[in-house]
Amino acid sequence: MGYVLIIGAKSDIAIALARIYAENNYSLYLAARQVDELEAIAKDITIRTQQSVKCVELDVLDYPLHQAFYEALPEKPIGVISAVGYLGAQDMAQDDFVEVQKIINTNYTGVVSILNIIANDFEQRKSGFIVAISSVAGDRGRKSNYIYGSAKAALSTYLSGLRNRLYSANVHVLTVKPGFVNTKMTEGLILPAKLTAQPKSVANDIFIAQQKKQNILYTLWLWKWIMLIIRHIPEWKFKAMSL
């Protein structure tokens, strides 16, 4: 099938995605910082699926090295999935711009840097798919996480434009908007059980959506309707709500 590059490969959703793609006969590049932590997972996937799984070092915040990283891949991927995400601390970000920069650069700027490079290659080859995990938090700003939400909103807009640009080059772009997911990133948060998905379920939804060439995926599915309602609450009412 060819290689799929998974960026931010240490996240729970990324690991679940790696397993699903390997089970469906895709080879994998798993990219992350301190990539040695992924070696055991890569070995397990290889044993179970007989697919090639290679771990590659990548820091999404080290923009000058992104071009060299991509050029050094032994075989160019047929698809890329960005599972990069950093929730950050809203309270801290309100007083510390360093935290603001980390949230924005991790969730948006760094992802755009590497995806621009890959998009240019896919456009020239006139094939490929790009999947990036955004968030329902980007659909409307809330006081509890509006720095994170604004970065994800920017990412969703970027992906929309990229989808428009690459359509004629036969490159598919999927925007993924998960709601609550039970992962390391949300550990410690009190999440409503009926609205919270497991990483394996989210990964399965992403794989199906990518294979069907969907444009936007809300997962769990009911978040599409929840966010439709939230987006249509009048601003005069929304600003007084405790969200």
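Some notes on this structure:
- Close Cβ contacts (under 6 Å, 6 or more residues apart or on different chains) running from residues in the range 133-145 that are under 14 Å from Trp225 (Cα atoms) to residues that are among the hydrophobic types (A, V, I, L, M, F, W, C) comprise Val136/Trp223; Val136/Met227; Asp139/Met227; Arg140/Ile230.
- Flag if Leu115 is touching a residue at least 24 places away in the same chain (Cβ under 8 Å) and part of a helix (DSSP H, G or I): yes
- Test: residue in the range 152-162 that is exposed (fewer than 15 other Cβ atoms within 10 Å of the Cβ), at pLDDT below 95 and over 15 Å from the mean Cα position of the chain (by Cα): no
- Residue in the range 207-214 that is among the hydrophobic types (A, V, I, L, M, F, W, C), under 27 Å from Glu123 (Cβ atoms) and touching a Phe, Trp or Tyr at 6+ places or on another chain (Cβ under 9 Å) present: yes
- Taken over the range 157-212, the criterion of being in contact with a Lys or Arg (Cβ under 8 Å, 6 or more places away or on another chain) and hydroxyl-bearing (Ser, Thr, Tyr) is satisfied by Thr175 alone.
- Set Ile226, Ile206, Ile230: member being surrounded by 12 or more Cβ atoms within 10 Å (Cβ to Cβ) and either closer than 27 Å to Asn24 by Cβ or without any contact (Cβ under 8 Å) to a residue 12 or more places away in the chain (or both): Ile206
- Test result for Thr183, in contact with a Pro (Cβ under 7 Å, 6 or more places away or on another chain) and within 20 Å of Leu87 (Cα to Cα): yes
- When Leu58 is tested against the conditions (1) over 23 Å from Lys177 (Cβ atoms); (2) surrounded by fewer than 20 Cβ atoms within 10 Å (Cβ to Cβ), the lone failure is (2).
- Some residue of the range 118-134 being in a loop (DSSP other than H, G, I, E, B), buried (at least 18 other Cβ atoms within 10 Å of the Cβ), modelled with pLDDT of 95 or more and small (Gly, Ala, Ser): yes
- Identity of the residue in the range 63-98, charged (D, E, K, R) and in contact (Cβ under 8 Å) with a residue 12 or more places away in the chain, that ends up surrounded by the most Cβ atoms within 10 Å (Cβ to Cβ): Lys76
The values are calculated or read from the model by the stated rules, or taken from the named source; none is laboratory data. Everything numeric in this text was worked out from a predicted model, so none of it was measured. In this analysis, Cβ positions are derived from the backbone assuming ideal geometry, glycine residues included, and neighbour counts consider all displayed protein chains.
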